[in-house]
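None of the figures in this text is laboratory data; all of them are computed from the coordinates on show. Predicted, not measured: the structure shown is a model, and the values here were computed from it. As a convention, Cβ positions derive from the backbone with ideal geometry for all residues, glycine included, and neighbour counts pool all protein chains shown.
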Amino acid sequence: MNRLSYSAISTYLQCPLQYKLIYIDRLKRLPKSYFSFGRSLHNTTAYFYSATFTEPPHLSKLLEYYGRNWVSEGYKSKEEEKENFELGKVILGVFHKVNSEDYKKPLVVEYSFNVNLDGIILTGIIDRVDKLPSENLEIIDYKSGKSFPSENELSEDLQLSLYHIAAEKTWKTIPKKLTFYHLRSNTPISTKRNPEQIKNAVDLVFDVANEINNGNFKPKVGRFCPCDFPQHCPHFSKEIKEVNINKEDNNRKYTKPVKISKDKLTLINELWQLMLKKGYNKKDARSYIILNFNKEKGSELSLKELNIAIKEFKDDELKEAGTKFWLLVEEKKLTGNEIKEFLLKNYGKFDSLKLSIEEVNDAIHKIKKLRIR
C-alpha cells in the first residue's frame with residue numbers, strides 16, 4: 001500500500017528520479033537554511049498555541065523558546081545564521097502581537113494525519129486547525145518563504161487540497177476555509193475548494209501512485225536542477241566528473257588553457273542572455289545552458305568552457321554598461337560612496353546582471369580605465 005505525503009508527491013512531479021533517491025533509496029538531502037528557518041518558526045508558533053496555555057504566553061517566553069529550539073543547519077556562515085535568527089525574532093514579535101489580541105485555542109496544532117484514500121495512505125502534518133463560530137473548520141498552513149501567492153496560485157495549491165481531504169476524513173466535515181498564513185508579513189489569505197478541485201487532487205494522487213508502482217523514475221530536468229544528488233543523475237554526473245578533473249588541473253603547476261570556438265561563444269551568449277531575461281540565477285542558468293547546448297548545436301560543452309565564456313560576457317557587458325554609467329557619473333560629478341550607491345541603484349537600467357558590493361568595487365576600478373572625456 002502506497003504511503004504518500006504532499007512532499008513526496010511534489011518531489012515526484014518535480015523529478016521522478018529524485019523521488020526514488022529520497023523515498024526508496026533513502027538518500028539524505030543536504031541541509032537547507034530555508035528549511036531550518038521554517039522549522040524554527042513553525043515550532044515556535046506551535047508553542048504559542050500549546051495546550052498548557054489558557055492565555056497567550058509573554059513575548060519574552062516565546063522568544064526564549066525560539067532561541068532554545070533554533071535549528072542551525074544549512075546556513076553558509078554564522079553571519080547568515082545570525083541575520084535569519086534576528087529576522088525570526090521580528091516575525092515572531094509581530095505574530096505575537098497580532099494573535100494575542102483575539103487569542104483562542106485551536107482545535108489542534110501540528111496535527112499528524114494518516115488517512116486511507118481508497119488504498120493509498122495519505123500522510124502529513126497540518127500546522128493548525130481552528131474551529132469557527134459556525135462549528136466549521138479552518139485549516140491553517142504557515143509559510144515562512146518570501147513569496148506571496150496569487151489568488152489563482154492559492155486556488156490550485158495541491159497541499160491545501162490534500163489538507164482539505166485529510167480534514168474531511170478525520171473530522172467528518174468539509175473545511176470552510178483553507179488559509180495560507182504568510183509569516184514574514186503575518187498575513188493570512190484564505191480560499192476554499194469545490195468538489196471538482198478535490199476530484200482533480202485525488203486523481204493526481206492516484207496518477208502519481210500508479211507511476212511509482214510502475215517503476216517510472218525517469219529524471220526530469222527543471223529549473224531547480226541540479227538537486228542534492230547530481231552524481232546519480234545522467235544529466236549531471238558527467239559534469240561532476242569534469243569539475244573534479246578541473247580541480248585536479250588547478251593543483252598542477254601548469255594548466256593548458258581552454259580555447260572556445262567562436263560558434264560556441266555566440267551560442268552560449270544567446271542562451272546566457274535568455275536565462276537572465278527569464279530571471280534565472282547563475283546556478284540555474286549554467287545548468288540550463290549545459291543541458292540545452294547539445295540540442296542547439298550538437299556538440300558538447302564542458303563546465304569549464306561555460307564558466308570562461310560567462311566571465312568574458314560579463315566583462316564585456318560590464319565595460320559597455322560601465323562606459324554609459326561613467327558618462328552619467330561625470331555629468332552628475334559624483335565621487336566615492338556616491339558612485340557606489342549610484343551604480344547599485346541604476347545598474348539594472350543598463351544591464352540585465354545584478355551587482356553586489358564587491359562587483360561594484362571591481363566595476364569602479366575597470367570603469368576608471370574606460371573613462372570617456
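Taking a ≥ b ≥ c as the square roots of the Cα gyration tensor eigenvalues, with a/c under 1.5 meaning rounded and otherwise prolate when a/b beats b/c, else oblate, which class fits region 64-112?
oblate
Once Rh for region 101-198 is found with the Kirkwood sum over Cα pairs, what is the Stokes-Einstein diffusion coefficient at 25 °C and 0.890 mPa s, in µm²/s?
176 µm²/s
Give the Cα extents of region 157-211 along the principal axes, in whole Å, largest first.
The Cα atoms of region 157-211 stretch 39, 26, 19 Å along the principal axes, largest first.
Please state, as a whole number in µm²/s, the translational diffusion coefficient that the Stokes-Einstein equation yields for region 1-157 at 20 °C and 1.002 mPa s, with Rh defined as the Kirkwood radius across alpha carbon pairs.
It diffuses with D of about 119 µm²/s by this estimate.
Roughly what would the spin-label model give for Asn186 and Lys78, points 7 Å off Cα along C-beta, in nm?
Inter-label distance under the simple model: 3.1 nm.
Write down Rg/Rh for region 187-234, rounded to two decimals, with Rg from the C-alpha atoms and Rh from the Kirkwood relation over Cα pairs.
Expressed as Rg/Rh, it is 1.16.
Using all alpha carbons of region 1-77, what is the percent of pairwise distances in each 10 Å bin, ordered from the shortest bin to the longest?
16, 31, 27, 20, 5
Give, to the nearest whole percent, the P(r) tail of region 38-85 beyond 17 angstrom, counting all Cα pairs.
38 percent
Give me the net charge for the shell around Leu160: Cβ to Cβ below 12 angstrom, other residues only, Lys and Arg +1, Asp and Glu -1.
So the surrounding residues net to -2.
For the pairs Lys20/Lys146; Lys32/Lys131; Lys105/Lys172; Lys61/Lys176; Lys97/Lys131; Lys143/Lys177, note any where the Cα-Cα span goes beyond 23 Å.
Violating the 23 Å limit, Cα to Cα: Lys20/Lys146; Lys32/Lys131; Lys61/Lys176.
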